[in-house]
Amino acid sequence: DYKTALSYMEQSLDICREIGDWGEEDATLNNISQIYHARGEYDKALSYLEQSLDLQQKIGNRYGEGVTLNNIGRVYQARGDNAKALQYYEQSLDLRREIGDRAGEGVTLDNIGKINLDQGGYDKALSYLEQSLDINQEIGNRAGEGVTLNNISLIYHDRGNYTTALKYLEQSLNICKEIGDRRQEAVTSWNIGIIYKKQGDLVKAEQYMSRAVEIMEDIGHPETDVCREELAELRAEIKGQ
């Protein structure tokens with residue numbers, strides 16, 4: 001319940017400011033921004049992130065500054081302003097490299113890769129995503145590795161190289177199952193199903209897409225209804241063959 005969570009966080013923010021607890025104030029500003037981001041209220045999300053960034057620069061929290069610059073980039077990307085998103089991601093990447101935040105570096109490289117992918121810059125996207133994958137494997141970030149493998153598969157998918165795309169997706173799916181990341185398992189299963197559908201293997205496509213919808217229903221994924229409709233159309237197509 002976003003409304004209740006926001007109410008508690010706003011109270012917490014007031015207390016932090018009253019007692020001068022800058023560290024907790026910073027964390028709360030970031031948490032509030034995440035709620036507004038999830039609700040699609042991007043201006044409000046940015047307002048809290050900018051307050052957080054000012055505070056981090058004031059107290060010299062370099063690690064937090066890298067996180068917040070990345071999160072500001074995410075908001076601009078969600079708004080479709082890729083140029084502005086890239087500016088913030090690049091600042092975040094420079095800072096994270098400077099302080100040796102390898103996990104953060106992997107996240108930001110992945111985000112930059114996704115923007116290049118959206119813009120059709122496949123070679124550039126692949127370069128960033130492969131750097132992200134190397135870091136995630138090096139530091140043992142299995143969740144990050146699974147996400148990046150999925151993103152790399154999208155490049156091969158868009159290029160029509162379905163065999164290679166499937167190879168990356170299957171690796172991603174194995175990791176999702178291993179670490180219990182059900183949301184990513186649903187996304188990856190769906191993406192595998194889409195490829196089988198494009199290859200004309202509708203039965204195999206139905207198996208993966210059905211599994212994806214099952215998980216989505218279970219976890220309350222926002223795309224459940226859309227995917228359920230697409231799955232129903234696929235089943236009707238199979239029945240009509």
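For segment 26-65, a residue qualifies if it is charged (D, E, K, R) and surrounded by fewer than 18 Cβ atoms within 10 Å (Cβ to Cβ), and the qualifying residues are 39, 41, 43, 44, 50, 54, 58, 62.
The rows are residues; the columns are (1) of a type in the set (A, V, I, L, M); (2) under 27 Å from residue 188 (Cβ atoms).
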position: 50; (1), (2): no, no
position: 107; (1), (2): yes, yes
position: 122; (1), (2): no, yes
position: 126; (1), (2): yes, yes
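Quick check on residue 204: is it of a type in the set (D, E, K, R), more than 17 Å from residue 107 (Cβ to Cβ), touching a helix residue (DSSP H, G or I) at 6+ places or on another chain (Cβ under 7 Å) and buried (at least 17 other Cβ atoms within 10 Å of the Cβ)? Here the answer is no, as residue 204 does not meet what is asked. The condition (being of a type in the set (Ser, Thr, Tyr) and under 21 Å from residue 153 (Cα atoms)) is satisfied by just one residue among 132, 47, 52: 132.
Against the condition modelled with pLDDT of 95 or more and within 25 Å of residue 119 (Cα to Cα), how does residue 210 come out, does it pass? Answer is no for this residue.
Criterion applied to 191, 161, 136, 174 was being of a type outside the set (Ser, Thr, Tyr) and closer than 22 Å to residue 104 by Cβ, and the one residue passing it is 136.
Determine whether residue 146 is farther than 20 Å from residue 53 by Cα and in contact with a Leu (Cβ under 7 Å, 6 or more places away or on another chain). So residue 146 fails the test. Name the single residue, out of those in segment 51-92 being of a type in the set (D, E, K, R) and farther than 15 Å from residue 31 by Cβ, that is farthest from the chain's Cα centre (by Cα). Residue satisfying both the conditions and the ranking: 58. Can you name the condition, by its number, that residue 144 falls short on among (1) closer than 29 Å to residue 69 by Cα; (2) modelled with pLDDT of 95 or more; (3) not aliphatic (A, V, I, L, M)? Just one mismatch for residue 144, condition (2). Listed by position, the helices (runs of 4 or more DSSP H) enclosed by segment 104-214 include none that has at least 1 residues that are of a type outside the set (Lys, Arg), in contact (Cβ under 8 Å) with a residue 40 or more places away in the chain and in contact with a strand residue (DSSP E or B) (Cβ under 7 Å, 6 or more places away or on another chain).
The values are calculated or read from the model by the stated rules, or taken from the named source; none is laboratory data. Please read these numbers as outputs of a predicted model, since none were measured by experiment. Virtual Cβ from ideal backbone geometry, glycine too; neighbours counted across all protein chains shown.
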